[in-house]
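Chemist: Take a look at this one; I'll ask things after.
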Amino acid sequence: VERTVLHEIQGHAWPRHRAASATLGIFGIGTAHGSDDQEGRALALEDAASLLSPSRRLELAWRHLAGRTVEQGADFVATTRLLIDDAGAATDTALRIAARVHRGGGLARELVYLPAFLRIRDAWQRDRTVDVVLASGQVSLGAAVTLTPWIDTATAVAQ
């Protein structure tokens with residue numbers, strides 16, 4: 001529960017709440033790849049709080065693998081079989097993950113999670129203050145430098 005609350009509230013809801021009061025609408029509308037990097041940020045928050053457990057990491061890896069199968073045109077059955085036969089997932093887990101990545105005709109949003117997590121984690125290692133911008137709305141790492149002047153660093157709120 002703690003991990004989910006951190007991920008969803010601090011990682012997603014709080015930046016959207018902050019963006020609602022920003023003068024510059026791009027914080028609320030979002031930049032290109034902003035939703036991707038927000039997923040990466042939410043995972044980085046989990047990691048920083050020591051909540052990215054081995055089982056969570058495995059789940060994310062399976063989701064990414066399943067997303068790749070969708071990208072390559074696999075159907076639900078093929079994705080499920082790959083997770084069970086090749087990746088070692090339990091049947092119920094494989095079915096749940098396959099359903100997740102095939103939803104919406106194969107949306108497979110899981111493909112962005114791990115690359116975005118690595119981008120955000122690496123950026124934080126170089127300069128953790130970039131998170132002030134990322135925490136202010138649906139902002140991508142690439143747009144963060146440009147948007148920094150719009151952040152009141154004293155209050156960490158988008159102006």
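The values are calculated or read from the model by the stated rules, or taken from the named source; none is laboratory data. All of these numbers come straight from a predicted model, not from anything done at the bench. A quick note on method: Cβ atoms are made from the backbone with ideal geometry, for glycine too, and the neighbour counts reach across all protein chains shown.
Chemist: When only residues in segment 123-148 that are among the charged types (D, E, K, R) and in a helix (DSSP H, G or I) count, which is surrounded by the fewest Cβ atoms within 10 Å (Cβ to Cβ)?
Modeler: Among those residues, the one meeting the criterion is R126.
Chemist: Looking at A89, A32, which is the one that is over 18 Å from R121 (Cα atoms), within 16 Å of the chain's Cα centre (by Cα), of a type outside the set (S, T, N, Q) and part of a loop (DSSP other than H, G, I, E, B)?
Modeler: A32 is the lone residue from the list that is over 18 Å from R121 (Cα atoms), within 16 Å of the chain's Cα centre (by Cα), of a type outside the set (S, T, N, Q) and part of a loop (DSSP other than H, G, I, E, B).
Chemist: I need the full set of residues from segment 6-23 which are surrounded by 16 or more Cβ atoms within 10 Å (Cβ to Cβ) and not small (G, A, S), in order please.
Modeler: L6, H7, Q10, H12, P15, R18
Chemist: Looking at (1) at pLDDT 95 or above; (2) on the phi > 0 side of the Ramachandran plot, which is the one condition that is false for V77?
Modeler: (2)
Chemist: Which of the residues that make up segment 37-63 are more than 20 Å from I97 (Cβ to Cβ), among the small types (G, A, S) and outside any loop (DSSP other than H, G, I, E, B)?
Modeler: A44, A48
Chemist: Given the criterion surrounded by 19 or more Cβ atoms within 10 Å (Cβ to Cβ) and either out of contact with any helix residue (DSSP H, G or I) (no Cβ under 7 Å at 6 or more places or on another chain) or modelled with pLDDT of 95 or more (or both), identify the matching residue among D36, D85.
Modeler: One residue alone meets the criteria, D36.
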